Amino acid sequence: MNFSVMSPKSDKRSARLCLVFIMIVLAGRIAEMSASQDAAALKLESFVPKEALGWKAEAVDHLYDPQTIFDYIDGAGEVYRAFNFRQLLSRRFKKEAKPDIIVDLFDMGSSNDAFGIFTHDLEGENPGIGQGGTYDGGLLSFWKGRYFVSIYAENETAETKEALFSLGRSITRAIEETGAKPSILGLLPAEFAVERDVHYFHNYIILNRHFFVSQENILGLDQTTEAVLAKSGPKGENGVLLVIKYPGARKASEAYKNFTKIYMPDAKKPGLVQTEDMKWTAAVVRKDLIAIVFGASSAESANKILAKTGEK
């Protein structure tokens, strides 16, 4: 009987061949990723005009991804990452003796997240640009499809405002796709579905920016969850409603138990407690959903709000 024994030299040769193969595969994948990123960047560039009312674009655009965004917007970079943004194109416009104008165009990857980052700051007038927009103090923001657009002037004048709106309309026309709003918004009762008082997000850091609940992530929010926060009445005087969709009923149940244990330890009824300001907080879990109302005027009002949440 003959046995074939591989020599140490053969082992090394095989290992080298294997390493070469792995490197070739990785190089191919990196090249594919690079080509995809280049194509996405060219698409972003095509959406933004080179000139508007005498303001002309600088020769070079700047591109950022989730890893390099902090090189551009250090303080707010984490906010965009919380909405899963993919790529940012920044283009600066100049006009002699006039304030510079900067266009920041974000590919958010989905219309849900484009809508979400738009709802992060809803201050200002509605200019009727994009699928939803705001203008305040020289800053124009809007969303369309999977894109979020921020256009601002370094100093606000009547002329820069006109130029911002011109740029915004051009970009809106160039982005042909439109996007649906997150389906979770359809669970809100009518009195909470006021467009300028609704925030869509994923994680608890964003939740706390709009309505502080806890320093800890007691509701188990992360990038796999969808949440909407809505207010009824001026500044939420008639209540603040939080609805969260989890990736499964088990996670929702665990989050509900943790929330009620930590947030309402003195509750005399399950999921219902009167807070120090004499308002009421109520919570309910239904399959993969949790609904919580804060600041209701009475226990009855809180329960009515929860009963209407999810009605069609």
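The values are calculated or read from the model by the stated rules, or taken from the named source; none is laboratory data. Fair warning: this is a prediction, and the values are worked out from it, not measured in the lab. Cβ placement follows ideal geometry from the backbone for every residue including glycine, while neighbour counts extend to all protein chains displayed.
Report whether or not Gly239 is outside the structural domain of Ser111 (by TED's automatic domain parsing), under 21 Å from Ala302 (Cα atoms), within 25 Å of the chain's Cα centre (by Cα) and surrounded by 13 or more Cβ atoms within 10 Å (Cβ to Cβ). Spelling it out, Gly239 is indeed outside the structural domain of Ser111 (by TED's automatic domain parsing), under 21 Å from Ala302 (Cα atoms), within 25 Å of the chain's Cα centre (by Cα) and surrounded by 13 or more Cβ atoms within 10 Å (Cβ to Cβ). In the set (1) touching a residue at least 60 places away in the same chain (Cβ under 8 Å); (2) in a loop (DSSP other than H, G, I, E, B); (3) over 23 Å from His199 (Cβ atoms), Leu122 fails one condition alone, (3).
Taking the options Phe70, Phe93, Phe118, name whichever one is of a type in the set (A, V, I, L, M, F, W, C), more than 17 Å from Arg209 (Cα to Cα) and either within 11 Å of the chain's Cα centre (by Cα) or surrounded by fewer than 20 Cβ atoms within 10 Å (Cβ to Cβ) (or both).
The match here is Phe70.
Which of the strands (runs of 3 or more DSSP E) found entirely inside the range 256-312 contain at least 2 residues meeting this: in contact with a helix residue (DSSP H, G or I) (Cβ under 6 Å, 6 or more places away or on another chain) and in the same structural domain as Gly239 (by TED's automatic domain parsing)? Full working, then the answer.
Details: elements: 272-274, 280-286, 289-296.
So the answer is 280-286, 289-296.
Residues of the range 136-165 being among the hydroxyl-bearing types (Ser, Thr, Tyr) and farther than 15 Å from Asp104 by Cα, which ones?
Thr157, Thr160
Pairs linking a residue in the range 194-216 that is in the same structural domain as Leu122 (by TED's automatic domain parsing) to a residue that is crowded, with 19+ Cβ neighbours inside 10 Å, with Cβ atoms under 7 Å and 6 or more positions apart or on different chains, do not occur. Looking across the range 200-220 at every residue that is in a loop (DSSP other than H, G, I, E, B) and of a type in the set (A, V, I, L, M), the one that is nearest to Met108 (Cα to Cα) is identified as Leu219. Pairs meeting the criteria (first residue in the range 283-311 and in contact (Cβ under 8 Å) with a residue 12 or more places away in the chain and at negative phi, second residue hydrophobic (A, V, I, L, M, F, W, C) and surrounded by fewer than 16 Cβ atoms within 10 Å (Cβ to Cβ), beta carbons under 6 Å, at least 6 apart or on different chains) are Asp288/Ala249. Restricting the search to the range 210-232, which residues are under 19 Å from Gly77 (Cβ atoms) and in contact with a Phe, Trp or Tyr (Cβ under 9 Å, 6 or more places away or on another chain)? Scanning the range 210-232 gives His210, Asp222. The residue that is surrounded by the most Cβ atoms within 10 Å (Cβ to Cβ), among those in the range 210-234 that are among the small types (Gly, Ala, Ser) and modelled with pLDDT of 95 or more, is Ala230. Within the range 191-209, the set of residues being over 20 Å from Leu306 (Cα atoms) and surrounded by fewer than 20 Cβ atoms within 10 Å (Cβ to Cβ) comprises Arg196, Asn203, Ile205, Asn208, Arg209.
With respect to being under 23 Å from Ala114 (Cα atoms) and modelled with pLDDT under 95, Glu237 falls outside the description. Of the numbered conditions (1) at pLDDT below 95; (2) of a type outside the set (S, T, N, Q); (3) outside any loop (DSSP other than H, G, I, E, B), Ile244 fails exactly one; give the number of that condition. Only one criterion is unmet by Ile244, namely (1). Of the residues making up the range 221-241, those that are in a loop (DSSP other than H, G, I, E, B) and within 23 Å of Gln274 (Cα to Cα) number 5.
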